[in-house]
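Worksheet for the structure shown next.
The values are calculated or read from the model by the stated rules, or taken from the named source; none is laboratory data. None of these values were measured; they are calculated from a predicted model. Cβ atoms come from the backbone with ideal geometry, glycine included; neighbour counts cover every protein chain shown.
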Amino acid sequence: MNTSAGSTTRLLLAGLRALLVLTLVCGVVYPLAVTGVAQAFFSGKANGSEVGSDGEVVGSELIGQRYDLPLKDGQETAEPDLKWFQPRPANGLGSSSVNTQYTIILSGATNRSGDNQELIDWVTAAKAAVVEDNSVPGHPVDPDDVPADAVTSSGSGLDPDISPRYAALQVRRVAERNHLPADRVARLVTAHTTGRILGFMGEPRVNVLRLNIALKEMVAAG
């Protein structure tokens, strides 16, 4: 009986020691080590890839955001502020209907099939809006020139990038709204176009947030 009790005590003490050691290693030492390495070598990415403007953090280069006008009385959906470059549509975004205490934005895909009528209506309406918004006197937009990313949302609904084609399509409208030469705005787009990763992975892209920050600086400089 005493032997059995002693064995049980030893097992409990061994388990307790293992628990304490693993808690210290996995719950304290490892997180501190990973955090230290991340802050030392990848501080920007570790802190959310924050983007600053005028000394303030204005967003993350990994998360897309909209550029809309303030809501008018009776409006449920804000109109885009056309002096800025616009991102991809965000039909997958929604708000939490369960926890209404906080304003929580939910992201995700629309989960509509290619022949879904609602998706077809979204794309058709988005294409018409892109053509209308970006047509300027003397330079109408050809509907065939509207790229896919201008009328479809990404899987997350939070894509921060657009294609160079979509950025170029917006150049004349942005230039006109900000009273800038179109070729100057076009060069700005070129300067903010990122090529394929390692030259062959992915597609060329333009980060809308960084592009709009550069546009704001250009407008301020005159």
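Summary of computed values
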read-out: Flag for VAL136 being more than 30 Å from ALA109 (Cα to Cα), free of Cβ contacts under 8 Å to residues at least 40 places away in the same chain and surrounded by 14 or more Cβ atoms within 10 Å (Cβ to Cβ); value: no
read-out: Considering residues of region 1-54 that are closer than 30 Å to ALA214 by Cα and polar (S, T, N, Q) only, the residue surrounded by the fewest Cβ atoms within 10 Å (Cβ to Cβ); value: SER43
read-out: Any hit, region 69-77, residues being modelled with pLDDT of 85 or more, assigned to a loop (DSSP other than H, G, I, E, B) and in contact with a Gly (Cβ under 7 Å, 6 or more places away or on another chain); value: no
read-out: Residues located in region 167-177, provided they are surrounded by 19 or more Cβ atoms within 10 Å (Cβ to Cβ) and touching a Lys or Arg at 6+ places or on another chain (Cβ under 8 Å); value: VAL174, ALA175
read-out: Residue in region 78-111 that is nearest to PRO147 (Cα to Cα), counting only those that are modelled with pLDDT of 65 or more and small (Gly, Ala, Ser); value: ALA90
read-out: Test result for VAL141, under 21 Å from GLN65 (Cα atoms) and either among the aliphatic types (A, V, I, L, M) or surrounded by fewer than 14 Cβ atoms within 10 Å (Cβ to Cβ) (or both); value: no
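To keep it simple, each residue is scored yes or no on (1) within 13 Å of LEU215 (Cβ to Cβ); (2) in contact with a helix residue (DSSP H, G or I) (Cβ under 9 Å, 6 or more places away or on another chain); (3) among the acidic types (Asp, Glu).
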residue	(1), (2), (3)
ALA126	no, yes, no
VAL131	no, yes, no
HIS139	no, yes, no
ASP145	no, yes, yes
SER153	no, yes, no
ALA168	no, yes, no
HIS179	yes, yes, no
ARG184	yes, yes, no
LEU188	yes, yes, no
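Residues are listed down the side, and each one gets a yes or a no for (1) of a type in the set (Phe, Trp, Tyr); (2) at pLDDT below 90; (3) outside the structural domain of VAL208 (by TED's automatic domain parsing):
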{"position": "LEU22", "(1), (2), (3)": "no, no, yes"}
{"position": "GLY27", "(1), (2), (3)": "no, no, yes"}
{"position": "ALA33", "(1), (2), (3)": "no, no, yes"}
{"position": "GLY36", "(1), (2), (3)": "no, yes, yes"}
{"position": "GLN39", "(1), (2), (3)": "no, yes, yes"}
{"position": "PHE42", "(1), (2), (3)": "yes, yes, yes"}
{"position": "ASP54", "(1), (2), (3)": "no, yes, yes"}
